[in-house]
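We did not get these values from a lab; they are worked out from the coordinates using the rules stated. Quick caveat: nothing in here was measured; it's all calculated off a predicted structure. Here the Cβ is made from the backbone with ideal geometry for all residues, glycine too, and neighbour counts use every protein chain on show.
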Amino acid sequence: MDVLIKNLGLLINATLIATPPLLLAALGSCFSERSGVINIGIEGMMTIGAFTGAVLGLETGNGWLAFFGAGLAGALFGVIHAIACISFHADQTIAGTAINFLGPGLAVFLCKAMYDNSSDTPAMDPASKLPKLFDGMFPTGSFLNNVLNVYSVAYLVFILAAVCWFIFYKTRFGAHLRAVGEHPEACESLGIDVYRVRYLCVILSGFMSGLGGAFVTLATINQFRPSVIVGQGFIAIAAVIFGKFSPGGSMLACLLFGFCSGIKSLASQSNMISPNLISMIPYVVTLLALIFFVGKAHTPAANGKIFVKSK
């Protein structure tokens, strides 16, 4: 019984580690997608956020400063995506693909320039990472320690999901962004600035994706590596589709994918299953979710369609 409780605590802990980066990126994606702009550049934005968070953590020793600085780096890439897609009417899928190349490429280039031609940053001191809740209050290895002694962002991100839901469905801005994603021409005729709403949403998606990437380097591991995101941005996009483009649905989908990652982490400690098969678990679940649920999700009517402001 004690072993079962301990493993349950470890599974919850692993889920709380794997879910926040997915959920942060997915919430950002919800804003962009519901406003009518496809953003498949989430992966690149998370990668530049992961790199910036690691560098700022090393240089400043302040985990929170590094975390929000990484969000600003992601927001900068959101600005690039917004200018290309909204102002210059570029194909949104191609622009997002370019972001996915630009983000990791720039991160590796800067990393090699800053750290003696190494594509990995040096390991951070634990004091430079994000703070943990209830650190040292419970015995190491106990159920309460595994469940409660986690990084504070792991719990704050669920509060953020509730805030995003409130913005979406209980504020004027939320009504505008949902309307802009469905009928931008009608919104323009009512005096709503479609470009401004979309710019804000795309930049916000970059900011939150940067935060998601930073969580990986400031909490999950303690340095940046080129493979640090490894498809988490695409899983976040799948979670948004699975969650029907809503903050609440995306949160539940991210919890599912985070739970699968937790199972992967625990199963990897056993030698009974091939590590290659274990590593496939989150991606197989993502694929199954897309196969069985993508057709049931209501995609915003104007999502991906170019809108030209009338003069």
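Once the other residues with Cβ under 9 Å from the Cβ of GLY36 are scored (Lys, Arg +1; Asp, Glu -1), what is the net sum?
Details: positive: ARG34, ARG198, LYS305; negative: GLU33, GLU182.
Combined, the nearby Lys, Arg, Asp and Glu give +1.
To the nearest 0.05, how large is the calculated FRET efficiency for SER87 and ILE5 if R₀ is 51 Å and r is the Cβ-Cβ distance?
0.35
With a 10 Å radius around each residue's Cβ, average the other Cβ atoms per peptide and rank 28-36, 127-135, highest first.
Values: 28-36: 29.7, 127-135: 15.7.
Top to bottom by mean Cβ count within 10 Å: 28-36, 127-135.
For the peptides 11-23, 165-177, what is the packing order when you average, over each peptide's residues, the other Cβ atoms within 10 Å and list the highest mean first?
11-23, 165-177
The stretch 58-178: Rg/Rh from Cα coordinates, Kirkwood Rh?
Working: Rg = 19.5 Å, Rh = 18.2 Å.
Reported Rg/Rh, Kirkwood definition of Rh: 1.07.
I'd like the Karplus ³J(HN,Hα) series for the stretch 173-183: coefficients 6.51, -1.76, 1.60, θ = phi - 60°, whole numbers in Hz, and an x wherever there's a Gly or Pro.
Result, ordered by residue: 4, x, 5, 5, 5, 5, 5, 4, x, 9, 9 Hz.
Tabulate in residue order the Karplus-calculated ³J(HN,Hα) for the stretch 26-41, using 6.51 cos²θ - 1.76 cosθ + 1.60 with θ = phi - 60°, rounded to whole Hz; enter x for Gly and Pro.
5, 4, x, 4, 4, 4, 5, 5, 6, 7, x, 10, 5, 10, 8, x
Assuming R0 = 51 Å, what is the FRET efficiency of LEU266 and PHE173, from their Cβ-Cβ distance, to the nearest 0.05?
Values: r = 41 Å, r/R0 = 0.81.
Approximately 0.80, to the nearest 0.05.
Cα-based count: Lys pairs in the stretch 2-296 below 21 Å, eight or more positions apart or different chains?
Lysine pairs satisfying the spacing and distance rule in the stretch 2-296 number 4.
Based on the mean of other Cβ atoms within 10 Å per residue, sort peptides 65-76, 105-116 so the most packed one is first.
65-76, 105-116
Largest first, please: the extent of the C-alpha atoms of the stretch 2-296 along each principal axis, to the nearest Å.
Projected onto its principal axes, the Cα set of the stretch 2-296 covers 63, 45, 36 Å.
What's the FRET efficiency of SER227 with TRP64 using the Cβ-Cβ distance as r and R₀ = 25 Å, to the nearest 0.05? Don't jump to the answer; show the numbers that get you there.
Values: r = 26 Å, r/R0 = 1.03.
Efficiency for this residue pair is about 0.45.
What is the gain in length, in nm to one decimal, between VAL284 and THR140 on full extension, counting 0.36 nm per residue of separation less the C-alpha to C-alpha distance? Numbers along the way, then the final one.
Values: separation 144, 0.36 × 144 = 51.84 nm, distance 3.32 nm.
The VAL284-THR140 span can extend by a further 48.5 nm.
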